[in-house]
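Read-outs: derived from the displayed coordinates by stated rules, not from any lab. Because the structure is predicted, anything quoted here is derived from the model rather than measured. All Cβ positions, glycine included, derive from the backbone under ideal geometry; neighbour counts span all protein chains shown.
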Amino acid sequence: MFDAAIISWIQSFESPILTDFFLQITKFGDIHVIVVVGIAVAILLYLKKRYFYAHGLLISLCVGGILTYSIKNLVERGRPLYGLIIESGYSFPSGHTLMATALIGFIIYIVYKYPDSKVFKITAIVLLILLLISIAVSRIYLGVHYPTDVLAGFLLGIISVLITLLFKRYNVLHRKFMKNLYTK
């Protein structure tokens, strides 16, 4: 019931302009784009000697990829019957949304932590959130995912970022503890 109501509402706005817009926006969630952008940002961070962020971004993408593959093959949910484009594979969770959230979510974390102006941070974070929402909505609008697929993808993408941050934080604390243990 929830899925049908949301799909009906979003697709009620169908128009050639919106279709063209969402056909372009959905490409930002494609795995090839996510990997290229993720590696490019990680290299940039590495060159700036921001190793924690570079490694964290790549780990977030790996965790997202593992979650996407595992859950899709565990649940095996079919895609909606009506779609403006054809997609193969299982529907749950939305891989575009999950991977975009793992990437953009971690970039939002970096922007938040980076010592830049408040105006830059707010502007960048708002634009990144709008991109993420647009990617998620595009999957429903184009008819290749149910809203619950997209919601699950978003939540699992956030979990990817949180797992990464917990892992990285534990790793940093563990190294500090071990260093202190052996220097005394």
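Any chance you could give the angle, 0 to 90 degrees and rounded to 10, that helix 31-47 forms with the longest Cα principal axis of the chain?
Rounded to the nearest ten degrees, it is 20.
Sum -39500 (n - 2.57) across every DSSP H segment of at least 4 residues in the chain, then divide by the residue count to get the 222 nm mean residue ellipticity, nearest 500. If you can, show how the numbers build up before the last one.
Values: 7 runs with 142 residues, N = 184.
Computed ellipticity for the chain at 222 nm equals -26500 deg cm²/dmol.
Starting from the Cα of GLN24, move 7 Å in the Cα-to-Cβ direction to define the label point; list residues of segment 73-113 whose amide nitrogen is under 11 Å from there.
none
Kindly express, to the nearest 10 degrees and within the range 0 to 90, the angle between helix 2-11's C-alpha long axis and the longest C-alpha principal axis of the chain.
The two axes meet at around 80 degrees.
Looking only at Cα atoms, what is the convex hull volume of the chain per residue, in Å³?
Considering the Cα atoms of the chain, their hull volume per residue is 139 Å³.
What angle, in degrees between 0 and 90 and rounded to the nearest 10, separates the Cα long axis of helix 147-183 from the longest principal axis of the Cα atoms of the chain?
10 degrees
Given a Förster radius of 22 Å and the C-beta distance between ARG169 and PHE120 as r, what FRET efficiency does 1/(1 + (r/R0)^6) yield to the nearest 0.05?
It comes out at approximately 0.30.
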